[in-house]
Structure formats: structure tokens, C-alpha cells
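Have a look at the structure below, then the notes.
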Amino acid sequence: QSTWGFNPGKLDQAPELCGHARVPASSARQMCWGWIKDKLEYSTVKVVKIKGKPLLALTYLLIQLLIIVYILVFVIYFNRGYQASAPVVGTTVAKMKGATAVELANGDIQVWDAMDIVDPPMEADAMFVTTKMIDTRFQKRGKCTSPLARCSEDGTCQVGKSSADGVQTGECVDGMCELYAWCPLELITDKLERDTPALHGVKRFHLFLKTNVRFPPLDKTLNTANGTEPTYGYNLFTIEDICERTGYTYSDYKHKGGIIGVLTSFDCDLDDDNWVNNCRPDIVFRRLDEKINTFSFGYSFRSVITYYLPSAQQGQQPVQYRDLIKRFGIRFVFLLDGVGRYFSVTVLIMNIANGLALLTLATVVSDFVAQNVFSGRRVDEFKKAKFQEFEYDPKDDEKLLGLEEEKRPLTS
């Protein structure tokens, strides 16, 4: 039997953790433990009182005082470190009011009101206001030519070839390809867009904003019409005023249109007894579409009005017609943001605890000053007193972990 207490026939089972593949198991464990023991250490706090340095003591006390003032004044008072916050949940409802009159080319007066210029009449968190329209009236399904598809003979036009206007019949008529389409075609050019007058009176229309919000944790509700009349600058604005608040004028929007974001922000102190009247939202208007360095800025879309008229031939079914309208205008997108603040013991305790943790900075800074700013023999003595190494008897750990060598007497 081996003196070391292992079976020589099981040498292959010795651990290879420390790079010794063919050594006794107990020796391998001891070598591994020795390597691990040299790598494992921890530091503990040692209190060293320094006397005879008033400047160092004042530095320590001043830093602690500044941290305490920061906690009480900035974190707790100004930053309301005693309140929790909850995001608002809600929506914005917009209503347009106004009317304008436009003189037509034949001298007639045409009246436009909010129902005419708001299309569609209802959208979720959005509203479109028409500033200019170009219409193509009395379109019906049939065959007509397109000036955008030039031809010299019938073979130039391809049967069934589709385009934005219609589908080609394969016939060439007066140098233009014939199409199956809604005729007459909509022919809008840059010159036509420039020459079509805008609805100038729209800038005097009024936009009323009613924002409804709720603060889920306390189940409190609020809307911007609580006990108030429509008030300019609060929940009532003119289109012209909104355009100017974006940094542009109504003239910048009326011909090409645009997109304006309306951001309503709340910051409500729900602990205030009169919080409903004191919680006034901050409304910001900002243009969202890029006007510079783009070939397609502004906002426009097309819509149709479909109707039936009697056929010119007696006894025939009524004929379907439509009016195609291209609308330019301002699309308002309503956004909502904000928080409601309320007292919370948990938040207060957490902020105080986080602030008190900063008090350790006073010790760190004071130690740095003592070691690097001051000089002399006493500083070296301070460093020796501050930093000290202590090592336990390794046999204590070996006994605890069962790694003590197990020696046995040799047998003949």
C-alpha cells in the first residue's frame, strides 16, 4: 500500500486541473488549492483617524455637507424626489370652425365652411384641412387619348399596356395613344398647380383642441375643457397662428400643403388639491415634412365623388360619373405625452438611500488628498497604517476543506 494513501492502479483518475496528470489525487488537490488560494483575496474597511490636520478634516466635513445639501435641496426639493410618476393615457379631439367665400371666374360667390375643407370628416388623432383643390368633373368610363403617351402609328401603342391614367387600346389617335380610362383625364401640370388659387380665408378658421387624459395609478381624469370656455392659446388656435408657431407662414403651406405635429405635454402634480386647474398642458406645433432639398414636399391626396346621371339615350340605364378632386392642405397629427406625479414613500426612501451612498465620496477624496497633496514622514506612516496585508494560516483552510495530507505508515 502506498504511503500517500492512493491506489497506484488508479493514477489515470488523478485530476488534471493543475496540469499534473500523473500525480496522487491528494497532491493534485493540494496543488490546485494552493493556486486558487493565491488568486482569491478580498479587501475590508480599516478605520484610520487622522489628527493634527485641520484642513483635511475641513475638506472631509465640507464634502459631506455639500452631498447632504445636494440630497435635500436638489434631489428631494427641486427634483421632487419624494414623488413617483405615471405616464398619461388619453387622446386629442379636434374641431374646426369657420367659413370663407371665394369669387369664381364668372363672378359668382362660392362659400366654403369647415365641412367642405375637412376631409375625411373624422380621423383618429389626425385632421386634414384643405387649402387648395383641383378638380376634374364629370368623368365617366370610356375611351380617350393621353398626351403623355405619344405615338406615330397604331403599332406604337401596345394593347393592354397599363399606365397611371388607364389601359391602352392599341389605337393611335391624333398622335396620342388611346386609353380605356375615366374620361376626360386628369391633366395637372406644374403651371396649373401654380395658377390655381388657394383658399385664402382658411387661415382664419379656428381649431379647437380637446385633450382627454387619465392617470392610471390614481384613476384621475382631466380634459382641457374642464370648466373653461374656448381660450386662445390654450385650447383654441387659428390656422394662421399654428403655421407661424412652426416657424413658417400660411403662405408656405397653402399651395403645396404640409404636415404639422401637435404635441400636447402634461406635467401634473396630483398631490395639489387644485391640480385640475393648475395642470395646464404645454402645446408645441412643429412641421414634420421636409420642405428643403426634396422633390416632393407638402401633402396632397385625391378623392372622388361618384354619382349617376340619366343616359342621353332614352331607355338606357343611368350612367355612372365621378368628380376627381386633388386636395392640397395641412395634415395635423396629434401626439400626447406627459406624466402625473404623486407622493410615494418608496421613492423617497430610495432617493435618500442613493444620496447617502454618495457620502463615501468624502472619504475617498479625503484619502486622496492625504496621500497625494500633503507630504512628509507622517504621510508615509499614514499609507502604512491605511494599507496592510494580513494572511491566515493556510492549515486552517486545509482542515476546513478536508485538504490536509493524510499520511500513513509504510508497510512491509
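The values are calculated or read from the model by the stated rules, or taken from the named source; none is laboratory data. Remember, it's a predicted structure, so these values are computed and weren't measured experimentally. Neighbour counts are summed over all protein chains in view; Cβ atoms, including those assigned to glycine, are modelled from backbone coordinates with ideal geometry. SASA here: full protein model, heavy atoms, side chains in, ligands and nucleic acids out. Shrake-Rupley method; radii C 1.70, N 1.55, O 1.52, S 1.80 Å.
At-a-glance table
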quantity: Residue count, region 146-182 (criterion: open to solvent by less than 50 Å² (accessible area, probe 1.4 Å), within 23 Å of ILE325 (Cβ to Cβ) and of a type in the set (S, T, N, Q)); calculated: 1
quantity: Per-region count, region 69-86, residues assigned to a helix (DSSP H, G or I) and touching a residue at least 60 places away in the same chain (Cβ under 8 Å); calculated: 4
quantity: Elements of type strands (runs of 3 or more DSSP E) contained in region 218-278, each with 2 or more residues being open to solvent by less than 30 Å² (accessible area, probe 1.4 Å) and within 30 Å of SER344 (Cβ to Cβ); calculated: 258-269
quantity: Residues of region 204-217 satisfying the condition of being open to solvent by less than 70 Å² (accessible area, probe 1.4 Å) and within 24 Å of THR100 (Cα to Cα); calculated: PHE205, HIS206, LEU207, PHE208, LEU209
quantity: Selection count, region 113-143, where residues are in contact (Cβ under 8 Å) with a residue 60 or more places away in the chain and open to solvent by less than 40 Å² (accessible area, probe 1.4 Å); calculated: 13
quantity: Qualifying position, being open to solvent by 30 Å² or more (accessible area, probe 1.4 Å), free of Cβ contacts under 8 Å to residues at least 60 places away in the same chain and among the aliphatic types (A, V, I, L, M), among LEU185, LEU192; calculated: LEU192
quantity: Selection count where residues are more than 15 Å from LEU359 (Cα to Cα) and open to solvent by 100 Å² or more (accessible area, probe 1.4 Å), scope region 64-79; calculated: 4
quantity: Number of the condition not met by CYS268 [criteria: (1) within 23 Å of LEU185 (Cβ to Cβ); (2) in contact with a helix residue (DSSP H, G or I) (Cβ under 7 Å, 6 or more places away or on another chain)]; calculated: (1)
